[in-house]
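Shown next, in structure tokens, is the structure this report addresses.
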Amino acid sequence: MAQRTLACTGCHGPQGKSGPDGYYPRLAGKPAGYLVNQLRNFQDGRRHYAPMQGLLATLNDAYLHEIANYFSALDVPYPPPVAQRTDPAMLARGHTLATQGDRALNIPACTQCHGTALTGVQPSTPGLLGLPRDYLNAQLGGWQTGQRRAQAPDCMAHIAKSLRDADVHAVTSWLASQAVPKASGAVARRPALAPGARAIECGSAP
């Protein structure tokens, strides 16, 4: 598979550890279910990037699973986070959004779906740490404009459209500034809510 996935690692970096320009995301260690879903999204037009769509056009579902399982099983060290030139108050706002959300704006905490450590949840929710800020900004922007979509319920589209520009900048800056913990794999299930907390249901944002 290492030889057969050279078309992937040419952009996504050796062993899928991410590209050098901050645009191509990490594939190594992502949940296999998430990777399969994204490959299908490119094939079906829910995500738009012509080189990816061209590479995947003739691949069957079994091969998509092979690719996803291969990258999911790779354990590649993460680089240290890049220091963010962002106002401390902005980073504090990003931390609040990531760990608590904003009930007034009907925005759930990132940890509600992506795990307490933000390293992902099996089988299909990716981690958010270890990703460049430019990539995170591009993905939230894609959901806001409809350039990126998912199968219903498209939770991230609802959430992204509820985020103000300043909040996008705040949460992506905070996420990109965080070191990835040693136990960087996706956890088996979503974390329990704190006592007295109430979940914001997936897709409930207006």
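A short reminder: the numbers here are calculations on the coordinates, not readings from a lab. It should be emphasised that the depicted structure is a prediction, and the values quoted were computed from it without experimental measurement. Positions of Cβ are generated from backbone atoms using ideal geometry, with glycine treated the same way; all protein chains shown enter the neighbour counts.
Below are the figures for this structure:
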item: Per-pair calculated FRET efficiency, R0 = 35 Å: Asp165 and Ser124 via Cβ, rounded to 0.05; result: 0.80
item: Partners for Lys17 among lysines (Cα-Cα distance below 21 Å; same-chain residues under 8 apart left out); result: Lys30, Lys182
item: Protection proxy ranking of 133-141, 28-36 - average other beta-carbon atoms within 10 Å, highest first; result: 28-36, 133-141
item: Cα shape, region 88-176, gyration tensor, a/c 1.5 rule; result: rounded
item: In nm, spacing of pseudo-spin labels at Gln3 and Val82 (7 Å Cα→C-beta vector); result: 3.5
item: Extreme residue, positive dipole direction of the chain, given options Gln139, Met156, Cys110 (C-beta unit charges); result: Cys110
item: Centroid-to-centroid separation of region 151-183 and region 24-61 [C-alpha atoms, Å]; result: 20
item: Low-density loop positions, trypsin sites (Lys or Arg not before Pro), region 2-96 - DSSP coil, at most 12 other Cβ in 10 Å; result: Arg4, Arg85
item: Square roots of 5 times each gyration tensor eigenvalue, C-alpha, region 6-72, largest first, Å; result: 17, 14, 10
item: nm² value of the averaged projected area, convex hull over the Cα atoms of region 46-87; result: 5.7
